[in-house]
Amino acid sequence: KKLTRKTLLKLSVPAVLVPGLILAASLGWNWQKNLKPDVPYSQNQQIFPTKAVAAEATDGDTLTLKNGQPVRLLGINAPERGQPYFIEAKNFLDGLVRDQNISLEYEKSYVDDKFGRILAYVFVREDSANILVNEEIVKMGLTKVSLYKDRRKLKYQDRLLEAVLHGKIPVTIA
C-alpha cells in the first residue's frame with residue numbers, strides 16, 4: 001500500500017512531518033511496520049525514541065542523533081549563527097552529547113517544531129546521575145529559557161527558570 005498524506009493525517013501525524021515520512025517511505029522505510037493505527041503517533045519509538053546515541057550538536061539548542069534525526073531541546077533558545085555566544089553554546093552542547101548515549105523525554109503537547117525536529121528534554125549520564133542537558137546549557141549562560149504565556153506549563157519549566165539565576169541570558173516569554 002502506498003503511503004499518502006491522507007493516511008498519515010488519519011494516524012495523527014503532524015502535517016509538518018508528512019513530506020519527510022513520505023520521502024522516507026519512497027526510499028524504503030517500512031511505514032506499515034512502524035506506524036501502527038493502534039499506537040498513538042507520539043508513542044512511536046522509531047519517531048520518538050526514549051534512548052539514542054547523539055551524533056553531534058548542530059547549534060546550541062539542536063542535536064542530531066546517529067540515525068540522522070534532528071532533536072530540538074525543549075524550553076530553551078540558543079543564539080543564532082553570527083550572534084554572541086553561538087559558538088560557545090554549540091560547542092558546550094556538542095561536548096555534552098557527542099557520541100553519548102542519551103535519554104529523551106517528551107511533552108504531550110509539544111512534539112515537534114515547524115522544521116520537523118522532534119522537541120525533547122535530553123539527559124546524559126554523568127557519574128551515576130542523569131544530567132538534564134537543557135538545564136545545564138542554561139546554567140552556563142549560553143541559552144535563554146523560552147516560554148509561551150498562552151501554552152501550558154512545561155514539565156521542567158521550574159528547573160529551567162531556576163537555572164537562569166546562574167546564566168547570562170534572560171528568560172523570553174512570547
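Read-outs throughout are calculated quantities, based only on the coordinates presented, and are distinct from any laboratory measurement. This one's a predicted model, so the numbers in the text were calculated from it and none came from an experiment. Every residue, glycine among them, receives a Cβ derived from its backbone with ideal geometry; neighbour counts consider all protein chains shown.
Return the distance in nm (one decimal) between the two label points of a simple spin-label model at T58 and E80, each offset 7 Å from Cα along Cα→Cβ.
My value for the distance between the label points is 1.6 nm.
If the chain between I87 and K6 were fully stretched, how many nm would it gain, using 0.36 nm times the residue separation less the Cα-Cα distance?
On the way: separation 81, 0.36 × 81 = 29.16 nm, distance 4.14 nm.
Between I87 and K6, full extension yields 25.0 nm more.
Across bins of 10 angstrom width beginning at 0, how are the C-alpha pair distances of the chain distributed, in whole percent?
That works out to 10, 36, 33, 17, 4, 0, in percent per bin.
Give, in nm to one decimal, the length gained when the segment between S109 and L27 is fully stretched (0.36 nm per residue of separation minus the Cα-Cα distance).
Working: separation 82, 0.36 × 82 = 29.52 nm, distance 2.98 nm.
Fully extending the segment from S109 to L27 adds 26.5 nm.
Over segment 1-118, what relative contact order in percent results from Cα pairs under 8 Å that are six or more residues apart? Mind showing how you got there, number by number?
Numbers: 142 pairs, mean separation 29.4, N = 118.
It comes to 25 percent, rounded to a whole number.
Once amide H atoms are built 1.01 Å from N in the peptide plane, which residues 5 or more positions from A52, or in another chain, come under 5 Å H to H?
Residues meeting the criterion, in which the H sits 1.01 Å from N, are I102.
Sorted by average packing, counted as other Cβ atoms within 10 angstrom per residue and highest first, what order do 88-99, 21-32 take? It would help to have the intermediate numbers written out before the result.
Working: 88-99: 18.2, 21-32: 13.5.
Highest-to-lowest ranking by the protection proxy: 88-99, 21-32.
Which semi-axes, in whole Å and largest first, does the equivalent ellipsoid of segment 86-174 have when worked out from the alpha carbon gyration tensor as the square roots of 5 times its eigenvalues? Could the numbers behind the result be given before it?
Values: eigenvalues 81, 57, 36 Å².
Three semi-axes, in Å: 20, 17, 13.
Assuming 0.36 nm per residue, please report the length gained on full extension of the stretch N34 to N67 beyond their Cα-Cα distance. Walk me through the intermediate numbers first.
Working: separation 33, 0.36 × 33 = 11.88 nm, distance 1.53 nm.
That works out to 10.3 nm of additional length.
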